[in-house]
Amino acid sequence: MGKQTPLYETHVTAGAKVVDFGGWDMPLHYGSQMKEHEMVRTSSGIFDVSHMTIVDLTGERVADFLRYLLANNIDRLKQQGKALYTCMLKEDGGVIDDLIVYFVNPNFYRMVVNASTREKDLAWIEKHAKDFTVDVNERDDLAMVAVQGPEAREIVHKVIGDKQDKVSELGQFFMAMFDDNWAIARTGYTGEDGYEIMLPADQAAAFWDDCVKAGTNPIGLGARDTLRLEAGMNLYGSDMDESTSPLESALGWTIAWEPEERDFIGRKALEKQKSEGVKQKLVGLLLEEKGVLRNHQTVLVDGLDAGEITSGSFAPTLGKAIAFARVPANIGDRAKVDIRGKHVDVKVVRPPFVRNGKAVI
């Protein structure tokens, strides 16, 4: 048996198919992954993301610390509650993790990192925080729930009481924090609007039940994966890891090169890679005929192995198979994929595949 979130019994009672995910017992689906995917695209769904790791960073030099730790520049966070997506890198430019950091005040930032990388992330953060006298506090007293979809915000507003006034004014990629250990962010991992709610663990089940009663639908990890893939969002451990840089993972936009004098971990390696020319890149693939694209299938160009699929699945919104693949940087707009020995034509595209519930390719 793996680790369990505060919502584990809620999932079991709802009839979820529970699977191991990075050492956690998590719901894969509640009956139909396809229907759950469609619910998020057309109405709303609620996800348990309590396996994610919430870390509070405080201290007089916390901003200096994050300028050094992260590839993106936290100086972009000028308004209270603003969020920033970034990567945390090794010295050689490899991705330790991708994460979101929130600006609470000049001496307080909140970070949310991936579940599968928790131990190495915390070790890396704590190692470098010592030089800046920054306090690192893992918030294992909190749970995290996401409500996503066209109707998600309306449903959350119905159940959060007097928090609604502050939350309803949130812009995209902003977080509102409250004195009772609640924090509600207009962020997500589906390509749809909605919220991610951080709240005391002992209140998570009641909040979940209130949202379901208000009209949202429980959603498992299966639909979460197809939703994020359609939306063009990377998955750590599949689409990037310590062996790949942001420049090789379609995440060059998360690197803040300016100001030039800002020294962050991995900068020198990235500058060298950029100047020499990036040899590989992450692209989207669209299978226009029948079939399914899967992780680790070989991508071929001119009959030769050119790369492999890092994430692949059937895309319910498109009715076709899609994938991310790491391939030569000079690849054209067509390639082939080896599916059980058959070389099948695919179109090379730039993600996302779906935006605001509509196909964009």
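Matching residues to (1) within 23 Å of A176 (Cβ to Cβ); (2) touching a strand residue (DSSP E or B) at 6+ places or on another chain (Cβ under 6 Å); (3) surrounded by fewer than 22 Cβ atoms within 10 Å (Cβ to Cβ):
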residue: H37; (1), (2), (3): no, no, no
residue: G45; (1), (2), (3): yes, yes, no
residue: R61; (1), (2), (3): no, no, yes
residue: R67; (1), (2), (3): no, no, yes
residue: A83; (1), (2), (3): yes, yes, yes
residue: V95; (1), (2), (3): no, yes, no
residue: D121; (1), (2), (3): no, yes, yes
residue: R139; (1), (2), (3): yes, yes, yes
residue: V147; (1), (2), (3): yes, yes, no
Report summary line: Over region 104-116, the set of residues under 25 Å from D140 (Cβ atoms) and either of a type outside the set (F, W, Y) or surrounded by 23 or more Cβ atoms within 10 Å (Cβ to Cβ) (or both) is V104, N105, N107, Y109, R110, M111, V112, V113, N114, A115, S116
Query raised in the report: Taking region 156-204, which residues are touching a Pro at 6+ places or on another chain (Cβ under 8 Å) and hydrophobic (A, V, I, L, M, F, W, C)?
Result: W182, A201, A204
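If the requirement is being farther than 21 Å from A185 by Cβ and small (G, A, S), which of these qualifies: G94, G45? Working first, answer last.
Values: G45 fails: farther than 21 Å from A185 by Cβ.
Criteria check complete, one pass: G94.
I'd like the residue in region 186-200 that is β-branched (V, I, T) and within 14 Å of the chain's Cα centre (by Cα) and, out of all such residues, is surrounded by the most Cβ atoms within 10 Å (Cβ to Cβ). Show your work before the answer.
Taking region 186-200 and keeping what is β-branched (V, I, T), we get 187, 190, 197.
Still in the list and also within 14 Å of the chain's Cα centre (by Cα): 187, 190.
On the way: T187: 20, T190: 26.
Only one residue fits best here, namely T190.
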Requested in this report: Could you check, for region 331-348, whether at least one of its residues is under 24 Å from E242 (Cα atoms) and out of contact with any helix residue (DSSP H, G or I) (no Cβ under 7 Å at 6 or more places or on another chain)?
Outcome: yes
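Out of curiosity, is R326 within 25 Å of D241 (Cα to Cα), crowded, with 17+ Cβ neighbours inside 10 Å and under 20 Å from the mean Cα position of the chain (by Cα)? Working first, answer last.
On the way: within 25 Å of D241 (Cα to Cα): yes; crowded, with 17+ Cβ neighbours inside 10 Å: yes; under 20 Å from the mean Cα position of the chain (by Cα): yes.
So R326 passes the test.
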Requested in this report: Return a yes/no flag: does region 269-288 have any residue that is of a type in the set (D, E, K, R), modelled with pLDDT under 95 and either over 14 Å from A71 (Cβ atoms) or assigned by TED's automatic domain parsing to the domain that holds T226 (or both).
Outcome: yes
Requested in this report: Please tell me if A129 is of a type in the set (G, A, S), surrounded by fewer than 15 Cβ atoms within 10 Å (Cβ to Cβ) and farther than 15 Å from R186 by Cα.
Outcome: no
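In region 294-323, what count of residues is obtained for those that are among the polar types (S, T, N, Q) and closer than 24 Å to G357 by Cβ?
Let us first name the residues in region 294-323 that are among the polar types (S, T, N, Q), namely 295, 297-298, 310-311, 313, 317.
Still in the list and also closer than 24 Å to G357 by Cβ: 311, 313, 317.
Number of matching residues: 3.
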Query raised in the report: Any residue at all in region 228-238 that is over 16 Å from K163 (Cβ atoms), crowded, with 24+ Cβ neighbours inside 10 Å and not assigned by TED's automatic domain parsing to the domain that holds S313?
Result: yes
Query - region 160-185 - residue that is more than 15 Å from M111 (Cα to Cα) and crowded, with 19+ Cβ neighbours inside 10 Å and, of those, farthest from the chain's Cα centre (by Cα) - result: I160
Query raised in the report: How about region 266-285: which of its residues are crowded, with 19+ Cβ neighbours inside 10 Å and of a type in the set (A, V, I, L, M)?
Result: L270, L282, V283, L285
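Mind telling me which of the residues Q33, Q79 ends up being surrounded by fewer than 18 Cβ atoms within 10 Å (Cβ to Cβ) and either in contact with a strand residue (DSSP E or B) (Cβ under 9 Å, 6 or more places away or on another chain) or assigned by TED's automatic domain parsing to the domain that holds V134 (or both)? Walk me through it before giving the result.
Numbers: Q33 fails: surrounded by fewer than 18 Cβ atoms within 10 Å (Cβ to Cβ).
Exactly one residue qualifies, and that residue is Q79.
Of the residues V337, V344, V327, only one is closer than 21 Å to L251 by Cα, part of a strand (DSSP E or B) and of a type in the set (A, V, I, L, M, F, W, C); which?
Matching residue, one of V337, V344, V327: V327.
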Requested in this report: Consider E261 carefully, then state whether it is in a loop (DSSP other than H, G, I, E, B), at negative phi and without any contact (Cβ under 8 Å) to a residue 24 or more places away in the chain.
Outcome: yes
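The values are calculated or read from the model by the stated rules, or taken from the named source; none is laboratory data. Keep in mind that what you see is a predicted model, and the values were worked out from it rather than measured. Every residue, glycine among them, receives a Cβ derived from its backbone with ideal geometry; neighbour counts consider all protein chains shown.
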